[in-house]
2 protein chains.
Amino acid sequence: MGITERRQRQKDEVRTSIINAARTLVLEEGWQSLSIRRIAEAIEYSVPVIYDHFENKDAILTEFTMTGYDMLAKSLKQAKSQSDQPCQQLDAMANAYWNFAFENKEYYQLMFGLGMPNCESARSIPGLAEFGELLITSIKEVIASSPNQDKDPFLKYHTFWSVLHGLVSINMMHKTTTHGNMNELILKDAISSFIKALKE
Amino acid sequence: MGITERRQRQKDEVRTSIINAARTLVLEEGWQSLSIRRIAEAIEYSVPVIYDHFENKDAILTEFTMTGYDMLAKSLKQAKSQSDQPCQQLDAMANAYWNFAFENKEYYQLMFGLGMPNCESARSIPGLAEFGELLITSIKEVIASSPNQDKDPFLKYHTFWSVLHGLVSINMMHKTTTHGNMNELILKDAISSFIKALKE
DNA sequence: CTGCAATTACTAACAGTGTTAGCAAATGTA
DNA sequence: TACATTTGCTAACACTGTTAGTAATTGCAG
């Protein structure tokens with residue numbers, strides 16, 4: 001009896017149409033003006049239907065956070081695969097991170113800016129775990145072939161990530177204060193400093 | 001005729017009572033649950049009175065952003081005055097920045113997280129300018145007495161700030177992922193890397 | 001093919017938000 | 001005392017997220 005399966009398929013269609021509508025709304029007018037009612041209007045259903053697929057508005061945002069981390073992890077994975085030298089890998093991943101942030105500004109803002117994802121939910125984001133793995137493995141390799149081996153890879157990973165996030169978000173908010181290609185210079189500066197310290 | 005002056009004084013009292021009420025509300029329940037109506041209730045006035053003192057809710061938040069940058073600049077100024085060695089000054093200011101962020105979490109989140117202050121308004125925040133000056137002057141001194149003098153102090157300032165902000169915000173959102181005094185270690189790690197690169 | 005059960009989608013409402021138009025009262029000035 | 005100005009209010013508008021209750025559709029068993 002494929003009836004229930006067809007029903008499930010139809011239900012899934014509505015679900016994806018919800019997140020599609022939400023995405024286009026966000027890309028057009030930002031998170032601020034994303035409302036349940038406007039999603040309902042876009043998918044040509046009434047409001048309560050949305051609550052059959054998502055517990056509340058936050059659940060929709062969480063969905064985007066998840067896929068956001070997934071996209072980020074994919075980008076980094078791709079960047080890392082371009083080289084097998086750990087230092088170059090780190091450099092490439094830093095660039096990939098930067099590009100992801102500015103090519104998917106809305107995603108990035110949701111992932112890091114507004115929501116401040118619940119501390120507990122952090123470990124339940126698969127993309128985030130992969131993200132960490134990608135960076136940590138490269139960092140470990142650099143440390144392994146360095147004179148000073150008493151460095152904590154996990155600490156270094158957090159430092160690396162913090163530096164990246166700081167660069168991105170400061171540049172996102174105070175765009176005018178930096179002019180021209182200053183942004184890329186700052187990125188290069190910070191990342192090369194970090195890698196240099198890591199190799200010592 | 002001191003009448004108009006007394007009136008002005010009374011008006012100012014209402015104004016400060018508005019921001020005081022707003023602050024306590026925020027400290028108790030966060031920015032999320034700050035509403036015009038709750039402020040009105042707290043100051044025992046009706047809602048439209050608030051609009052006689054602030055153009056809209058955003059203006060109230062801007063007020064907090066302003067004083068936030070002022071407080072931050074004061075903290076850094078104080079920290080810097082403890083030493084006249086530029087490297088120690090940078091270290092002290094980094095620590096002051098860190099402490100400010102976590103001792104005034106709500107301010108910090110408003111200043112950097114949620115609002116993403118309008119790009120144009122950036123240059124109209126006096127505290128922000130002072131903040132920049134404090135860091136740049138120390139950075140310039142370090143560069144001046146270093147072998148390699150072809151470093152852009154402005155670029156280094158942005159890097160320094162970005163690193164700091166990244167450290168703070170990553171730690172604010174993913175508090176559980178780091179355990180114990182890891183946080184301070186990460187701070188020390190990143191800042192010492194930066195200063196080391198600056199001295200070369 | 002009809003009657004019943006379950007799903008589906010709806011209208012309408014509740015409680016809250018920022019914001020403002022219009023009016024009444026209090027206040028200072030002539 | 002009469003007028004003008006300021007001051008503060010009530011009430012409304014247009015939104016927001018969320019949900020209770022209801023009507024219609026649908027699938028299945030007799």
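For the peptide B:16-28, the mean number of other protein chain Cβ atoms found within 10 angstrom of a residue's Cβ is 0. In chain B, helical runs assigned H by DSSP with n ≥ 4 each contribute -39500 (n - 2.57); averaged across all residues and rounded to the nearest 500, the mean residue ellipticity at 222 nm is -24500 deg cm²/dmol. Relative to the other identical copies, B:Trp31 shows label-point distances of 1.0 nm, where the label point lies 7 Å from Cα along the Cβ direction and values run shortest first.
Inter-chain neighbour count for A:149-159: the average number of beta-carbon atoms from partner chains within 10 Å of each residue's beta-carbon is 4.
Axis of helix B:182-199 versus longest Cα principal axis of chain B: the two differ by about 60°, to the nearest ten degrees. Position A:Phe102: other-copy label points at 3.2 nm, ordered by increasing distance, label point 7 Å along Cα→C-beta.
Taking each residue in A:186-196, count the Cβ atoms of any other chain within 10 Å of its Cβ, then average. What number comes out?
Working: counts 9, 2, 2, 9, 12, 1, 1, 11, 6, 1, 4.
Neighbouring Cβ atoms belonging to other protein chains average 5 per residue here.
Note on B:Glu5 and B:Glu29: the extension gain reaches 5.1 nm, defined as 0.36 nm multiplied by sequence separation minus the Cα-Cα distance.
Based on the Cα atoms of region B:1-121, what semi-axes does the equivalent ellipsoid have, where each is the square root of 5 times one gyration tensor eigenvalue, given in whole Å with the largest first?
In descending order, the three semi-axes are 33, 18, 12 Å.
Relative to the longest principal axis of the Cα atoms of chain B, helix B:153-173 runs at roughly 60 degrees. Shown in residue order for region B:143-148 are the 3J(HN,Hα) couplings computed by the Karplus curve 6.51 cos²θ - 1.76 cosθ + 1.60 at θ = phi - 60°: 4, 4, 9, 10, x, 8 Hz (x for Gly and Pro).
Computed from Cα atoms, the angle from the helix A:86-103 axis to the main principal axis of chain A rounds to 40 degrees.
Shape analysis of region B:67-171 places it in the prolate category; the axes a ≥ b ≥ c from the Cα gyration tensor give an a/c of at least 1.5, with a/b above b/c.
Remark: region A:56-72, residue by residue, has Karplus-estimated 3J(HN,Hα) of 7, 4, 4, 4, 5, 5, 4, 3, 5, 4, 4, 4, x, 5, 5, 4, 4 Hz, where x stands for each Gly or Pro and the curve is 6.51 cos²θ - 1.76 cosθ + 1.60 at θ = phi - 60°. In the protein assembly as shown, Rg over Rh equals 1.02, where Rg is the alpha-carbon radius of gyration and Rh the Kirkwood radius from pairwise Cα distances.
A short reminder: the numbers here are calculations on the coordinates, not readings from a lab. Not measured: the values here are computed from a predicted model. Neighbour counts are summed over all protein chains in view; Cβ atoms, including those assigned to glycine, are modelled from backbone coordinates with ideal geometry.
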